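Read the structure below first, then the notes.
The values are calculated or read from the model by the stated rules, or taken from the named source; none is laboratory data. This one's a predicted model, so the numbers in the text were calculated from it and none came from an experiment. Every residue, glycine as well, gets a Cβ built from its backbone with ideal geometry; the counts of neighbours run over all protein chains shown.
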Amino acid sequence: MPSLSALVEPDRVHRTVYTDPAIFDAEMAHIFEKVWVYCGHESQVPNAGDYWTLQIGRQPMVMVRDRDRSIRVLYNRCPHRGVQLCGNQKGNTGSAFVCSYHAWTFHLDGRVRAIPLMKAYDGTRLTPDNPDCSMKPAARVDSYRGFVFASLSAEGPSLPDFLGDARVAFDDMCDRSPVGEVEAVPVCHRVIQQSNWKFFMENQLDSLHPSVTHQSTGVPARRIENRLKAEAGQAPLFFHYLSAFASSFDQWDSVQTVNLPRGHGVLKAYMGLRPTDPDTAAYEALMRQAYGAEKAEQFLSRSIHHVLVYPYLSVQSPLQQLRCLRPLAPDRTLSEIWHFRLKGVPEAIYRRSLWYFNLVNSPATMINADDLENFWKCQQGLSSDGGDWVSFHRHHGRDIARGDMIETAPGMGTSEAPMRNQMKAWAELMARA
Ligand code: FES
Ligand SMILES: [Fe+2]
């Protein structure tokens, strides 16, 4: 593998970080299998025995609710001869995992429960108290406001330290509920992107691209939105979800990104999400009742479009959306697309989230489909000999450092600061390896 300093410079990155299989393997071993990785929301596993399978780096894992109500994250592998214990994406395994091959059984915390015909092991080194008889747990499991994470490394920062100021992703989502909680809507769309995972992460804070890439959706949506407003005085909020993509370059330059340590980042708000319809009025009244006027206003007016938890998560907290990447190969990335319900709010407020999920994030979207095509074409271009470097020069040298944060300067919201910040974090993580 080439040296890191030959790959990542402050204003440009070598194309092989997107294409090289050896670099991808190193990323899996030294980034994804070390940092805290999002597993799922606790509401996905409400009852003892409920489980979801997932991938952390190259490792097949299972998140399961134990009988003591705690959530465990275990390697999805039988210690006998290696069979995956949960073959389905989700389900309920009852009071134990039972292997489909020779029926070894395991408690929900992974400890071996029974091995059939155990006498046959007498005198061998396989005794039931041998940890090699049990499912291996993730080194660390923790959660933040109901969102469960695991790290396959015993070393490294705690979950709150890893998340840092990106914790606002989960605070902002939960604080918008009058009871401070959300629950996952258990419809997870899964899309395989034929491209490297970094394109998605970079694109999330790339506010230069929407008015180009999403023009074909944004412009017609704005035309219809304006017509409805002229005819009926107002247009449904979901037209705004699409028309906002067609904002001018000047408008995008006015939207700031905040770039945090460890590659995390925030795109500040650019959509108006507080209409004055009766549903919104009822919802905001509930919020004031729950938190008092001042705090409710603070919760409802945070300037966030979405928050990135590097290197794999995009949380669009004001509309309760979450997308999680599970890289599969240098040119293949699984994305899990979720949305959430705010607990204790009228159904109409949930439907906003559902509209956004379907119109912008789902596989049927008119927005993300155009992004995916760009990512695929990036992968093709960077696999060629047409050039060695990817440029991140836009407004380089003009960003504003505030403590350990880097903000885009006023009127320079389309700075490529987020890409520079992400690749800096990438190089730090890879260097530690
Ligand atoms: S492989 Fe699981 S019991 Fe044999
Ligand atoms: Fe986009």
Selection within the range 371-401 - crowded, with 18+ Cβ neighbours inside 10 Å and either within 16 Å of ligand 1 (Cβ to nearest atom) or modelled with pLDDT under 95 (or both): Asp399
Any chance Leu322 is at pLDDT 95 or above, surrounded by fewer than 21 Cβ atoms within 10 Å (Cβ to Cβ) and out of contact with any helix residue (DSSP H, G or I) (no Cβ under 6 Å at 6 or more places or on another chain): no
Check on Trp338, farther than 30 Å from Val35 by Cβ and aromatic (Phe, Trp, Tyr): no
Matching residues in the range 89-109 - criterion: being over 25 Å from Ser151 (Cβ atoms), assigned to a loop (DSSP other than H, G, I, E, B) and either within 16 Å of ligand 2 (Cβ to nearest atom) or not hydrophobic (A, V, I, L, M, F, W, C) (or both): Gly94, Ser95, Ser100, Tyr101, His102
Single unsatisfied condition, Ser415 versus (1) surrounded by fewer than 16 Cβ atoms within 10 Å (Cβ to Cβ); (2) small (Gly, Ala, Ser); (3) closer than 25 Å to Asn196 by Cβ: (1)
Which numbered condition Cys86 misses (of (1) part of a loop (DSSP other than H, G, I, E, B); (2) away from ligand 1 (no atom under 16 Å from the Cβ)): (2)
Residue in the range 288-299 that is modelled with pLDDT of 95 or more, closer than 30 Å to Gln422 by Cβ, away from ligand 2 (no atom under 16 Å from the Cβ) and in contact with a helix residue (DSSP H, G or I) (Cβ under 7 Å, 6 or more places away or on another chain) present: yes
Unmet criterion (only one of (1) more than 16 Å from ligand 1 (Cβ to nearest atom); (2) of a type outside the set (A, V, I, L, M, F, W, C); (3) touching a strand residue (DSSP E or B) at 6+ places or on another chain (Cβ under 6 Å)) for Lys34: (3)
Selection within the range 169-191 - part of a helix (DSSP H, G or I) and over 22 Å from Trp252 (Cβ atoms): Phe170, Asp171, Met173, Cys174, Asp175
Subset tally (residues that are touching a residue at least 12 places away in the same chain (Cβ under 8 Å) and either within 16 Å of ligand 1 (Cβ to nearest atom) or aliphatic (A, V, I, L, M) (or both)) for the range 231-270: 10
Residue in the range 113-135 that is farthest from ligand 1 (Cβ to nearest atom), counting only those that are over 21 Å from Arg72 (Cα atoms), without any contact (Cβ under 8 Å) to a residue 12 or more places away in the chain and surrounded by 10 or more Cβ atoms within 10 Å (Cβ to Cβ): Thr127
Conditions (1) farther than 30 Å from Ser384 by Cα; (2) in contact with a strand residue (DSSP E or B) (Cβ under 9 Å, 6 or more places away or on another chain); (3) of a type in the set (Ser, Thr, Tyr): number failed by Ser248: (2)
The lone exception for Val64 - which of (1) in a helix (DSSP H, G or I); (2) in contact with a Gly (Cβ under 8 Å, 6 or more places away or on another chain) it fails: (1)
Pick from the range 192-235, criterion more than 29 Å from Arg326 (Cβ to Cβ) and outside any helix (DSSP H, G or I), ranking: nearest to ligand 2 (Cβ to nearest atom): Ala235
Verdict on Asn368 being within 23 Å of the chain's Cα centre (by Cα) and more than 20 Å from Thr19 (Cα to Cα): yes
Answer from Ser177, Ser211, Ser247 - the residue that is within 30 Å of Arg15 (Cβ to Cβ) and hydroxyl-bearing (Ser, Thr, Tyr): Ser211
Output for the range 65-95, where each listed residue is over 29 Å from the mean Cα position of the chain (by Cα), loosely packed, with under 15 Cβ neighbours inside 10 Å and on the phi < 0 side of the Ramachandran plot: Arg81, Ser95
Every residue from the range 237-286 that is basic (Lys, Arg), buried (at least 16 other Cβ atoms within 10 Å of the Cβ) and within 27 Å of Ala348 (Cβ to Cβ): Lys268
